[in-house]
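Worksheet for the structure shown next.
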Amino acid sequence: MLVLPLTPTDPRWVDVALSDLDAVHRDHLHCERKAAQSALSLVRSYPEREHVVAAVARLAHEETAHVVQVSQLLARRGTAPTYDLGDDYAAALREHVRKREPERLLDRLLVFALIEARSAERLALLAAAIPDEATAHLYAGLASAEVRHRDTFLELAAEVAPDGWEARAAELAAHESALVAALPLRPRIH
Ligand SMILES: [Fe+2]
Ligand SMILES: [Fe+2]
């Protein structure tokens, strides 16, 4: 099994999220959309890497299904979707992606793995804390999908850089931990 170190989310985040679940769901809709778009961006950049294309296209397909599920959740709750508030978390992580290939591909795969890992962790926290059973069930299912996605990106990273991926994953995970510690606790996924 490929391991990605992740520092646990501040437990107070759950209370912040529960205090405005509609805001969390509205943000979550765009997280799923951006996950699909990020996966497809790898198809644009690396069309010659057959294995990468096949894996991320399947993953994007699942993320698109998640967009449908979260939009149905918003509709069920009578919550009007909003425009994307932006994502300083993902933007800050992308700053660590190196410009030169093949380092660039490795870094993009690892940054996506970290975002999937953090999302999975927080969706699981929500699944355990949300009182409404149907919503909690939805979040538990989404959390396990994002764990699989993390592993997909890690497997691709290990294929791209069999000798260097682990050390780079640890570096980027340290940046991610520092970033999460610096960001305010807010009713968003990140
Ligand atoms: Fe997803
Ligand atoms: Fe995902």
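The values are calculated or read from the model by the stated rules, or taken from the named source; none is laboratory data. Keep in mind that what you see is a predicted model, and the values were worked out from it rather than measured. Glycine gets a Cβ as well: all are built from the backbone with ideal geometry, and neighbour counts include every protein chain shown. The area values use the complete protein model at the heavy-atom level, side chains included, leaving out ligands, DNA and RNA. Shrake-Rupley method; radii C 1.70, N 1.55, O 1.52, S 1.80 Å.
Some points to look at:
- Verdict on residue 150 being closer than 20 Å to residue 34 by Cβ and among the basic types (Lys, Arg): yes
- Criterion (within 14 Å of the chain's Cα centre (by Cα), under 25 Å from residue 62 (Cβ atoms) and aliphatic (A, V, I, L, M)) met by exactly one of 128, 158, 143, 134: 143
Yes/no per residue for (1) open to solvent by 10 Å² or more (accessible area, probe 1.4 Å); (2) within 16 Å of ligand 1 (Cβ to nearest atom); (3) not aromatic (Phe, Trp, Tyr):
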residue: 93; (1), (2), (3): no, no, yes
residue: 121; (1), (2), (3): yes, yes, yes
residue: 124; (1), (2), (3): yes, yes, yes
residue: 128; (1), (2), (3): yes, no, yes
residue: 133; (1), (2), (3): yes, no, yes
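- Odd one out for residue 46, checked against (1) within 16 Å of ligand 2 (Cβ to nearest atom); (2) open to solvent by less than 70 Å² (accessible area, probe 1.4 Å); (3) not charged (D, E, K, R): (1)
- The set of residues from segment 142-190 being out of contact with any helix residue (DSSP H, G or I) (no Cβ under 6 Å at 6 or more places or on another chain), assigned to a loop (DSSP other than H, G, I, E, B) and open to solvent by 40 Å² or more (accessible area, probe 1.4 Å) comprises 162, 163, 184.
- For the residues 67, 56, the requirement of being touching a Lys or Arg at 6+ places or on another chain (Cβ under 6 Å) and outside any loop (DSSP other than H, G, I, E, B) singles out 67.
- Residue match in segment 62-74 (condition: within 14 Å of ligand 1 (Cβ to nearest atom), open to solvent by less than 30 Å² (accessible area, probe 1.4 Å) and over 18 Å from residue 37 (Cα atoms)): yes
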